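Below: the structure, in structure tokens.
The values are calculated or read from the model by the stated rules, or taken from the named source; none is laboratory data. Given the structure is predicted, the values throughout are model-derived calculations rather than measurements. Here the Cβ positions follow ideal geometry from the backbone for every residue, glycine too, while neighbour counts run over all protein chains shown. The area values use the complete protein model at the heavy-atom level, side chains included, leaving out ligands, DNA and RNA. Shrake-Rupley method; radii C 1.70, N 1.55, O 1.52, S 1.80 Å.
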Amino acid sequence: MSSSDRSQAADVQTAVQDVKGTYEVRTFGCQMNVHDSERMAGLLEGAGYVRASQDADAADIVVFNTCAVRENADNRLYGNLGQLAPKKAARPGMQIAVGGCLAQKDRDTIVKKAPWVDVVFGTHNVGKLPVLLERARLRSEAQVEIAESLEAFPSTLPTRRESAYAAWVSISVGCNNTCTFCIVPQLRGKEKDRRPGDILAEIEALVDEGVTEITLLGQNVNAYGSDIGDREAFSKLLRACGRIDGLERVRFTSPHPRDFTDDVIAAMAETPNVMPQLHMPLQSGSSRVLKAMRRSYRQERFLGIIEKVRAAIPEAAISTDIIVGFPGETEEDFAETLHVVREARFAQAFTFQYSKRPGTPAADMEGQIPKEVVQERYERLVELQEEISWAENKKQVGRTLELMVAEGEGRKDDATQRLSGRAPDNRLVHFTRPQEPVRPGDMVTVEITYAAPHHLLAEGPTKAVRRTRAGDAWERRTAAEAAPGQQGSGVMLGLPTVGVPESEPATTGGCCPA
């Protein structure tokens with residue numbers, strides 16, 4: 001055994017001896033929550049815990065990272081907490097923590113409804129999680145600590161990133177908008193930007209570790225710069241990302257039409273590693289409804305942005321968010337939404353039936369739409385968008401694309417003997433498994449042979465395989481997680497996807513359909 005092998009074996013043995021127990025983080029909501037959960041996992045591992053295996057009945061610590069945006073978010077939380085109550089009663093020392101937006105909003109209500117919860121913490125003090133858990137253990141009583149403002153930028157916290165080859169990078173937190181359907185500004189505060197040098201330093205460190213794809217993340221990502229006094233800060237940041245050696249793919253989510261300026265379009269078109277993908281939340285095609293939503297753009301402005309993007313980046317895949325049934329929406333208003341969908345020809349649309357969010361102005365507006373009317377409009381919108389998505393995907397047939405091999409994105413890959421990957425425009429492609437081995441993070445070149453509404457197929461032989469540093473990083477992580485004392489490989493969180501949302505989707509426009 002070499003000296004390095006002996007050192008590694010000693011490290012593993014020390015890790016086994018130092019383990020305090022297991023943890024599980026359950027995430028609801030948007031990409032911001034997903035990235036916050038990576039930080040929670042990093043904090044717990046730094047405190048000596050290891051991730052519980054997927055087949056474990058219950059972990060020693062279970063953390064719920066909650067969302068307050070979706071309908072019945074509280075019912076979902078308390079249902080989960082109720083299921084854990086008997087397990088906790090049977091396991092002395094087990095702890096339960098609740099964080100995120102619902103914790104920020106409901107505070108003391110949580111421990112009143114679920115007195116077996118040990119810790120409640122908010123969106124601004126994620127870094128206190130290990131301390132609060134230890135304090136609850138020592139004092140044998142629930143600890144509720146909700147900070148009213150950000151204590152430190154979250155990216156300074158340790159992070160257990162779920163992907164070895166793709167990473168989220170927060171550039172700002174909070175939001176300065178006042179959309180009448182959204183409660184996020186109340187829960188995450190005003191926008192606060194990171195210094196560009198700190199962002200680029202984090203990206204460079206990630207690239208050194210093997211990451212080749214990053215997604216810039218913000219509640220309103222292209223408003224970046226408002227806190228530091230530079231209106232072109234976001235386009236400058238995109239161009240700076242283009243100068244980082246080894247960074248192959250750059251994405252961002254989610255922009256706001258109000259702040260989407262021509263310099264950003266130019267930066268996207270002129271920076272080779274910025275991918276031809278754009279998620280641009282519409283919410284409604286009716287200018288009258290947009291005004292009621294306090295969205296500071298109108299139909300003409302939105303379609304103008306789409307036209308400019310397509311002129312500069314013809315191959316761009318554009319997706320969106322749409323709310324159906326906002327209070328006061330008439331059939332004529334809904335027809336305007338359908339018009340915009342036909343004109344914009346979105347690759348995909350994440351569609352939502354309006355539901356009241358307690359604490360938002362829209363919840364008290366007159367003209368609440370009956371459920372059956374909202375449902376009927378929603379079905380018509382989905383049918384139209386399905387037709388457009390399929391037609392747009394059919395245009396990809398015959399194209400040769402380089403894909404980044406993905407982990408966990410093809411549910412039927414084992415049965416079909418296929419693998420899955422993401423095209424530059426983020427379309428999901430299932431491709432024939434090549435003869436030579438490939439790893440998540442590696443790149444393959446394929447020809448598209450078939451299109452479905454939400455994915456593409458490349459059924460012929462793979463044209464080329466390019467092994468990458470990202471694939472090396474995935475291989476190293478997989479080997480480390482298989483070592484003694486390491487439990488659970490985690491789940492690929494990956495990047496914002498273009499396709500049908502899962503049953504618990506990450507809302508693509510930040511913490512609300514922005």
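Please give the peptides 82-88, 288-294 ranked by average Cβ packing (other Cβ atoms within 10 Å per residue), highest first, as a rough proxy for protection.
In decreasing order of mean packing, 82-88, 288-294 become 288-294, 82-88.
Given bins 10 angstrom wide, list per bin the percent of all Cα-Cα distances in segment 294-439, short to long.
Reading the bins upward from 0: 9, 30, 29, 21, 10, 2, 0.
Taking each pair of different alpha-carbon atoms in segment 124-206 once, compute 1/r for the pair, average those values, and report the inverse of that mean as the Kirkwood hydrodynamic radius in Å to one decimal.
15.2
With +1 on each Lys and Arg Cβ and -1 on each Asp and Glu Cβ, how big is the dipole of segment 114-266 about its Cα centre, in debye rounded to the nearest 20?
280
Taking N as the number of residues in segment 398-458, what is its alpha-carbon radius of gyration divided by 2.2 N^0.38 Å?
Against the compact-globule rule of thumb, the ratio is 0.98.
Might you work out the accessible area of D208 for me, using a 1.4 Å probe with all protein chains in place, and round it to the nearest 10 Å²?
Roughly 130 Å² of D208 is accessible to a 1.4 Å probe.
Each residue of segment 347-353 in order: what ³J(HN,Hα) in whole Hz does its phi give by Karplus 6.51 cos²θ - 1.76 cosθ + 1.60, θ = phi - 60°, with x for Gly and Pro?
5, 8, 9, 8, 9, 10, 7
If you roll a 1.4 Å probe over the chain with all protein chains in place, what percent of the accessible area is carbon or sulfur?
49
Counting helices only, and only those DSSP H runs with n ≥ 4, report the 222 nm mean residue ellipticity of the chain as the sum of -39,500 (n - 2.57) divided by its residues, in deg cm²/dmol to the nearest 500.
Helices in the chain give a 222 nm mean residue ellipticity of -11000 deg cm²/dmol.
What pairs from K190/K308; K88/K356; K112/K291; K190/K356; K87/K113; K88/K128 go past 28 Å between their alpha carbons?
From K190/K308; K88/K356; K112/K291; K190/K356; K87/K113; K88/K128, over 28 Å: K190/K308; K88/K356; K112/K291.
Projected onto the charge dipole of the chain (+1 at Lys/Arg Cβ, -1 at Asp/Glu Cβ, origin at the Cα centre), which of A347, L419, S155 gives the Cα projection farthest towards the positive end?
Checking the options against the dipole of the chain, the answer is S155.
How would you rank 420-428, 194-202, highest first, on the average number of other Cβ atoms within 10 Å across their residues?
The most tightly packed comes first, giving 420-428, 194-202.
Using the alpha-carbon centroid of each, what span in Å lies between segment 116-174 and segment 418-457?
Segment 116-174 and segment 418-457 have Cα centres separated by 36 Å.
I need the Debye-formula profile for segment 60-196: one equal scatterer per C-alpha, no solvent, reported as log10 I(q)/I(0) at q = 0.11, 0.15, 0.17 1/Å, two decimals.
Computed log10 I(q)/I(0) values: -0.44, -0.81, -1.00.
How long are the three semi-axes of the equivalent ellipsoid for the chain, computed from the Cα gyration tensor as the root of 5 times each eigenvalue, in whole Å, largest first?
Working from the Cα gyration tensor, I get semi-axes of 35, 31, 22 Å.
How many angstrom lie between the Cα centre of segment 35-105 and the Cα centre of segment 210-236?
30
From largest to smallest, what semi-axes in whole angstrom does segment 360-473 give when each is the square root of 5 times an eigenvalue of its alpha carbon gyration tensor?
Calculated on Cα positions only, the semi-axes equal 38, 17, 12 Å.
Might you report the magnitude of the Cβ-based charge dipole of segment 359-430 about its Cα centre, with Lys and Arg at +1 and Asp and Glu at -1, to the nearest 20 debye?
Dipole about the Cα centre, nearest 20: 400 debye.
Farthest toward the dipole's positive end in the chain, which of I305, P461, T215, given Cβ charges of +1 (Lys, Arg) and -1 (Asp, Glu) about the Cα centre?
Going by the Cα projections, it comes out as T215.
Mind checking the dipole of the chain: about its Cα centre, +1 per Lys or Arg Cβ, -1 per Asp or Glu Cβ, Debye to the nearest 20?
Taking the Cα centre of the chain as origin, the dipole is about 440 debye.
Segment 301-380: which GluC sites (Glu not before Pro) are DSSP loop and have at most 10 other beta-carbon atoms within 10 angstrom?
Those that pass, being in a loop and sparsely packed, are E366.
What percentage of all Cα-Cα pairs in segment 39-90 are separated by more than 16 Å?
54
Return P(r) of segment 129-261 (all Cα-Cα pairs; 10 Å bins starting at 0; whole %; ordered from short to long distances).
Each 10 Å bin holds this share of Cα pairs: 11, 36, 31, 17, 5, 0.
Which translational diffusion coefficient, to the nearest whole µm²/s, is obtained for segment 225-337 from the Stokes-Einstein equation, given a Kirkwood hydrodynamic radius over C-alpha pairs, 4 °C and 1.567 mPa s?
Answer from the Stokes-Einstein relation: 85 µm²/s.
Over all directions, average the projected area of the Cα convex hull of segment 323-401 and note it in nm².
One quarter of the hull surface, i.e. the mean projection, equals 6.4 nm².
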